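Novice: Questions regarding the structure given below will be posed in turn.
The values are calculated or read from the model by the stated rules, or taken from the named source; none is laboratory data. All values reported here derive from a predicted model rather than from experimental measurement. Virtual Cβ from ideal backbone geometry, glycine too; neighbours counted across all protein chains shown. Just the protein is used for accessible areas: all its heavy atoms, side chains included, with ligands, DNA and RNA removed. Shrake-Rupley method; radii C 1.70, N 1.55, O 1.52, S 1.80 Å.
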Amino acid sequence: MNFIFKIFIIFLSISLNAQQRRSADYYAQIPEKIENEQEIRIYKDFSLTNGGKVFRIYFKNNKCNAELISWFFPQTRSDEYNSESPEVTKFQCSDKTFMNFEIRNIQYLPKENYFNYKREKKTVVLNDETKEYDIEISHTEVMDGVGYNVMYRNGNVFNQFFYSNPQTYSEHYPEIDELQNFMEILKYIESEFKIKF
């Protein structure tokens with residue numbers, strides 16, 4: 001039963017994240033699919049009642065463009081979300097800026113489920129009832145916080161992944177290099193563009 005529940009939660013999470021990303025593209029007024037030869041999008045998980053953000057760096061006509069797009073939903077009593085035009089903050093960037101994401105392994109970072117096993121602490125315990133040994137698994141679960149959906153393209157190289165609560169998990173599990181790499185990407189955005197993301 002526990003296994004089926006976990007599968008259901010993972011499926012629901014993936015489904016909701018895909019819906020949020022599509023909604024994010026709509027509200028950010030950007031194409032749903034990456035059309036540029038070089039582009040990185042980092043969607044910050046958002047509440048459907050408040051709004052959202054996406055950081056985007058891309059090349060168009062051989063010119064580097066970087067922007068933070070934010071949108072907010074006005075307070076309404078309706079179930080429909082009507083957003084004002086998104087707020088777009090533009091930044092200076094260059095080939096070097098894009099490469100700084102690549103040296104932090106954005107093109108190689110796997111989906112979260114590929115390294116979730118690293119969060120498990122396994123011990124062998126004797127079952128008192130059956131008198132046989134079992135493997136007991138424990139791990140920390142963070143139920144609230146911020147998640148990030150990332151899309152990367154450089155020519156024919158694509159990558160896409162979602163990380164739930166990377167900051168909290170990286171503090172609990174500093175040995176997980178995938179989380180540390182992703183935290184370096186977020187820190188780079190904040191230091192290079194002087195924004196809190």
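Novice: Taking the criterion of being in a loop (DSSP other than H, G, I, E, B), modelled with pLDDT of 55 or more and touching a helix residue (DSSP H, G or I) at 6+ places or on another chain (Cβ under 8 Å), would at least one residue in the range 37-60 satisfy it?
Specialist: yes
Novice: Suppose we keep only residues that are touching a helix residue (DSSP H, G or I) at 6+ places or on another chain (Cβ under 6 Å) and in contact (Cβ under 8 Å) with a residue 24 or more places away in the chain within the range 110-144. Which one would you say is farthest from LEU68 (Cα to Cα)?
Specialist: THR140
Novice: Still on this structure, please answer the following. Could you list, in sequence order, all residues of the range 125-173 that are open to solvent by 30 Å² or more (accessible area, probe 1.4 Å), in a loop (DSSP other than H, G, I, E, B) and among the small types (Gly, Ala, Ser)?
Specialist: Within the range 125-173, GLY145 is the sole residue that qualifies.
Novice: Tally time: how many residues in the range 61-83 are open to solvent by 40 Å² or more (accessible area, probe 1.4 Å) and at pLDDT 75 or above?
Specialist: So the count comes out to 4.
Novice: Collect the residues in the range 88-123 that are outside any loop (DSSP other than H, G, I, E, B), surrounded by fewer than 16 Cβ atoms within 10 Å (Cβ to Cβ), modelled with pLDDT of 95 or more and touching a strand residue (DSSP E or B) at 6+ places or on another chain (Cβ under 6 Å), keeping them in residue-number order.
Specialist: VAL88, THR89, LYS90
Novice: Out of all the residues in the range 145-180, which are of a type in the set (D, E, K, R) and under 29 Å from ILE34 (Cα atoms)?
Specialist: Across the range 145-180, the qualifying residues are ARG153, ASP177, GLU178.
Novice: Just the residues that are at positive phi and modelled with pLDDT of 95 or more, please, taken from the range 159-197.
Specialist: LYS194
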